[in-house]
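Novice: There's a structure below that I have some questions on.
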DNA sequence: CTACTATAGTTGGTATTACCAATTAGTATT
DNA sequence: AATACTAATTGGTAATACCAACTATAGTAG
């Protein structure tokens, strides 16, 4: 079941074990996100988009950058989400080409509900650790994320 | 950029921070996997399928279970991978309905190469930790994974 | 041993995701 | 004022993934 391997060096075994654990954890986490999204008819990408728009309004091109997707993909995503009433396109008064995207009240509520459910679904896993362990794990993950 | 929030309880703050770190780590990891897959014209799902088939031959239905997908989706995935020569369908002599899937030599090689590249792409992140920290992180992640 | 039921996969239909190339419209540059 | 650049959309294609319906094989009941 190891996603990766082919390391025989003594020191690299630890690294390989970590990578396997990271990949497996990621798949479990993604599965949780996908499932919760699906319960609200949201793809993982749509869920991410809502999460991004929770804090800030964003231009189409900014969304493409954040999500690592082509602009044309964003057009489609925003189209469908807008048709569902989750968000709105707004004109940028300064730049006539630019389109800004903002969550509607409904979109904001859905994003909040999703966040709560995600926390709820992951807590069985995270709660296997005590507070000190949680803290240590968080710190280690954040250290890795910084260097990226 | 917090994917989730809405926790004000004192003890839950640590948990919330952990969940955020987990989700962010997962997206970074998935982005790496997606990119490496794309370089070999493999979707994340196909990459996972190859990874599963590295160790074992599997029936169509077993693949559906492992991947959490509908059987009909597997038919399509296997069709395309077979057409590319990465794997083969084989009849099960015991059960005439069952179809077993096995990697070809080419598929095995691609899976191995992918695994190496994944390790290479994640190592900049994992190498920000020393060996003891890697070990601690791995242990904590595995503890969580067990309880799932 | 035939008839029902269950299981394993495939097929056909649809929606979504995602890309690329081409286009439209607005902004900047020279 | 003409040219180049940028922002977003449109159209076309392929892959992913679902569901429902179907085929073929296997197992069970009468």
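The values are calculated or read from the model by the stated rules, or taken from the named source; none is laboratory data. Note that the coordinates shown come from a computational prediction; the quantities given were computed from them, not determined experimentally. Virtual Cβ from ideal backbone geometry, glycine too; neighbours counted across all protein chains shown.
Novice: Could you grab me the full set of residues in the stretch A:113-124 that are away from DNA strand C (no atom under 15 Å from the Cβ) and touching a residue at least 40 places away in the same chain (Cβ under 8 Å)? Quick ask: steps written out before the conclusion?
Specialist: Taking the stretch A:113-124 and keeping what is away from DNA strand C (no atom under 15 Å from the Cβ), we get A:113, A:115-124.
Once the filter is applied, which keeps residues that are away from DNA strand C (no atom under 15 Å from the Cβ) and touching a residue at least 40 places away in the same chain (Cβ under 8 Å), the stretch A:113-124 yields A:113, A:115, A:117, A:118, A:121, A:122.
Novice: State all residues of the stretch B:65-89 that are more than 14 Å from every other protein chain (Cβ to nearest Cβ) and either near DNA strand C (Cβ under 10 Å from one of its atoms) or under 20 Å from residue A:31 (Cα atoms) (or both); if no residue qualifies, say none.
Specialist: Step one: of the stretch B:65-89, the residues more than 14 Å from every other protein chain (Cβ to nearest Cβ) are B:71-72, B:74-89.
Within the stretch B:65-89, B:71, B:72, B:74, B:75, B:76, B:77, B:78, B:79, B:82, B:89 meet the criteria.
Novice: Could you list, in sequence order, all residues of the stretch A:47-57 that are surrounded by fewer than 21 Cβ atoms within 10 Å (Cβ to Cβ), in contact (Cβ under 8 Å) with a residue 12 or more places away in the chain and more than 9 Å from chain B (Cβ to nearest Cβ)?
Specialist: The one that is surrounded by fewer than 21 Cβ atoms within 10 Å (Cβ to Cβ), in contact (Cβ under 8 Å) with a residue 12 or more places away in the chain and more than 9 Å from chain B (Cβ to nearest Cβ): A:57.
Novice: Does residue A:112 satisfy being within 10 Å of chain B (Cβ to nearest Cβ), closer than 30 Å to residue B:138 by Cβ and modelled with pLDDT of 95 or more?
Specialist: Taking the combined requirement at face value, the residue does not satisfy it.
Novice: Given the structure, is residue B:26 in a helix (DSSP H, G or I) and under 30 Å from residue A:57 (Cα atoms)?
Specialist: yes
Novice: State which residue is farthest from the chain's Cα centre (by Cα) when the search covers only the stretch B:81-140 and only residues that are assigned to a helix (DSSP H, G or I) and within 16 Å of DNA strand D (Cβ to nearest atom).
Specialist: My answer is B:83.
Novice: Follow-up question, since we're still on this one. Looking at (1) more than 30 Å from residue B:38 (Cβ to Cβ); (2) surrounded by fewer than 18 Cβ atoms within 10 Å (Cβ to Cβ); (3) out of contact with any strand residue (DSSP E or B) (no Cβ under 7 Å at 6 or more places or on another chain), find the lone condition where residue A:62 falls short.
Specialist: Unmet for residue A:62, out of (1) more than 30 Å from residue B:38 (Cβ to Cβ); (2) surrounded by fewer than 18 Cβ atoms within 10 Å (Cβ to Cβ); (3) out of contact with any strand residue (DSSP E or B) (no Cβ under 7 Å at 6 or more places or on another chain): (1).
Novice: Between B:43, B:26, which is under 30 Å from residue B:95 (Cβ atoms) and either modelled with pLDDT of 95 or more or in contact with a strand residue (DSSP E or B) (Cβ under 7 Å, 6 or more places away or on another chain) (or both)? Give the derivation first.
Specialist: Numbers: B:26 fails: under 30 Å from residue B:95 (Cβ atoms).
Exactly one of B:43, B:26 is under 30 Å from residue B:95 (Cβ atoms) and either modelled with pLDDT of 95 or more or in contact with a strand residue (DSSP E or B) (Cβ under 7 Å, 6 or more places away or on another chain) (or both), namely B:43.
Novice: When you check residue A:17 against the structure, is it away from DNA strand C (no atom under 12 Å from the Cβ), in contact with a helix residue (DSSP H, G or I) (Cβ under 7 Å, 6 or more places away or on another chain) and at pLDDT below 95, yes or no? Show your work before the answer.
Specialist: Numbers: away from DNA strand C (no atom under 12 Å from the Cβ): yes; in contact with a helix residue (DSSP H, G or I) (Cβ under 7 Å, 6 or more places away or on another chain): yes; at pLDDT below 95: no.
Here the answer is no, as residue A:17 does not meet what is asked.
Novice: Looking at (1) crowded, with 20+ Cβ neighbours inside 10 Å; (2) in a helix (DSSP H, G or I); (3) near DNA strand D (Cβ under 8 Å from one of its atoms), which is the only condition residue B:72 fails?
Specialist: (1)
Novice: Now for a separate question. Could you please give the count of residues in the stretch A:92-106 that are surrounded by 11 or more Cβ atoms within 10 Å (Cβ to Cβ) and within 14 Å of DNA strand C (Cβ to nearest atom)? It would help to see each step written out before you state the result.
Specialist: First pass over the stretch A:92-106, keeping only residues surrounded by 11 or more Cβ atoms within 10 Å (Cβ to Cβ): A:92, A:98-104, A:106.
Pick out the ones that are also within 14 Å of DNA strand C (Cβ to nearest atom) and you get A:92, A:98-100.
Number satisfying all stated conditions: 4.
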